[in-house]
1. So how many residues does segment 41-82 have that are within 16 Å of the ligand (Cβ to nearest atom), over 20 Å from Glu126 (Cβ atoms) and in a loop (DSSP other than H, G, I, E, B)?
2. Within the group Thr449, Thr381, which residue is away from the ligand (no atom under 14 Å from the Cβ), hydroxyl-bearing (Ser, Thr, Tyr), assigned by TED's automatic domain parsing to the domain that holds Phe289 and under 30 Å from Trp95 (Cβ atoms)?
3. Just checking, how many residues over segment 228-241 are within 18 Å of the chain's Cα centre (by Cα) and within 11 Å of Glu308 (Cα to Cα)?
4. Can you tell me which residue among Ile397, Ile408 is under 22 Å from the mean Cα position of the chain (by Cα) and within 16 Å of the ligand (Cβ to nearest atom)?
5. Identify all residues within segment 350-374 that are more than 16 Å from the ligand (Cβ to nearest atom), without any contact (Cβ under 8 Å) to a residue 60 or more places away in the chain and over 16 Å from Tyr400 (Cα atoms); write none if there are none.
6. Among the residues of segment 143-160 satisfying the criterion of being assigned to a loop (DSSP other than H, G, I, E, B) and among the aliphatic types (A, V, I, L, M), which is farthest from the ligand (Cβ to nearest atom)?
7. Collect the residues in segment 411-432 that are within 11 Å of the ligand (Cβ to nearest atom) and at positive phi, keeping them in residue-number order.
8. Looking at Val207, is it within 15 Å of the ligand (Cβ to nearest atom), buried (at least 17 other Cβ atoms within 10 Å of the Cβ) and assigned to a helix (DSSP H, G or I)?
Amino acid sequence: MRAIAITVAILLLAYLLPTAYLNYSEPVLKWDWASIDLDDLSFPEGFIWGVASAAHQVEGGHTGNNWAAWEQGSYPDGRPHILNNEETGAACEHWERYPEDIRLMQELGVSSYRFSVSWSKIMPQEGVIDSVALQHYVDVCDSLAAVGISPMVTLHHFEHPLWFEEKGAFEKVENIGHFVHFSDAVFNALKDRVTFWCTINEPAVFVIAAYFDGNFPPGKQDPQLAAIVLKNLFKAHVAVYQHLKSLPGGERAQIGIVKNMHQIDPVNEWSLLDRLLARTVNNGFNGSFITTFRDGHYRFHFPTLVDEAEAIADAPSTLDFVGLNYYSHNGMAFSPDLDEALKTRMYPGETPTDMTYTIYPEGLYRAIQEISVLGRPIIITENGIADAKDDRRGDFIRRYIYAVSKAIEDGYDVRGFHYWSLTDNFEWDLGYGQRFGLYHVDFATQKRTLREGSKEFQRIVKAHSNWPDR
Ligand code: GCO
């Protein structure tokens, strides 16, 4: 009798444990690429094809912002912070060379250019607007319009003026008004030329790097403060959305926020501890965004480290679309040593990129699914690969774009795709070593050259551009 009871108990456990494991979260999605026809693509009429960039990474000539100070060692620790002590300097000289870069966009056949406006150039001092800098962006928009390319403008892409940083930036909720003021000035200058507005680029990436890992300015390592800044960035989005919508022309504007849905997956799917850890980190990084914009409730929680919660009731009504940035996922492996447990691990068994993550196109499909719970049109605002050798870019492009096409076929409302980036550029704390460009840039001569792998993008864009009025 006892032997039977033990056998039954063992059998039950043998059944229940794996079932519990598998139900705890979905298995990490994997497709059989050998059986997939990568040419089986279809996109709806009016699908937006574009490229993306950001002011500090391409323009050059930044002196008075958080990044210039970070690069030059002007923060209290007095040391430079970029890999190999690089500085942005002239970057891609996009400030002067934008007409040439627009010609490159034409060569690709894209219909949209997502770029950011530089807060530090437009407002070099508190309350002071530099009308020449503002006019520069009017000229960029006009040059784009002249060749049938629509501008999509990001208001905050990791860069802000030093005077704002010195006031405590988004650490203080009362500083949000400065961002609204800046956004107001940009909106009034560009509203007749710009339909799509992104308020803030990747709030969680910015916050984790700037306030948790300490790799971005101001280089703090304070999890609780990180959670407060993230909350304030969401509030800043809500404030800017509501303000711009109240202005003349606001009703025509399409305003969204940009979220990087980088997933955190368990390295070992059969380890309950890996799963728990991955889920907890994922909840902080992605879940805090979803609950804010779906339910109006912000919460960032990580046991023993951080717990911050507050209602942001208006958030769900402040998205005309949602911008999705997607590159990859990372693996998490449990360890009782927290530093070890929180280490970024390449997901095992996949082809690496030059960054600390692999090629994982299925993740883009998942990201679309995950963000679709907000019930808003999705525009992919960034996707691309750092691949200096250009030996993976072509396949990367074909597979990730296949994932988008499949998501659309399965009923997800994806309206556009922007490749990151048009040209190689300054990859933040990693400097110029990471080569994301469709065009290679020789930084000594500023010569741009289309990479072989990028021709896949050009080919797909040309084959699937389906604009009724073009
Ligand atoms: C980010 C930004 C871009 C990056 C790109 C490649 O995600 O950090 O939006 O500025 O350059 O994502 O890492």
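The values are calculated or read from the model by the stated rules, or taken from the named source; none is laboratory data. Quick caveat, the model's predicted, so the values are computed rather than measured. Quick reminder, even Gly has a Cβ in these numbers, built from the backbone with ideal geometry, and neighbours come from all protein chains shown.
1. Residues flagged as within 16 Å of the ligand (Cβ to nearest atom), over 20 Å from Glu126 (Cβ atoms) and in a loop (DSSP other than H, G, I, E, B) within segment 41-82 amount to 6.
2. Going through Thr449, Thr381 in turn, the sole match is Thr449.
3. 3
4. Testing whether each residue is under 22 Å from the mean Cα position of the chain (by Cα) and within 16 Å of the ligand (Cβ to nearest atom) leaves just Ile397.
5. Hit for segment 350-374 is Ser372, nothing else.
6. Step by step, filter segment 143-160, then rank; the result is Val147.
7. The answer is Trp428, and nothing else.
8. yes
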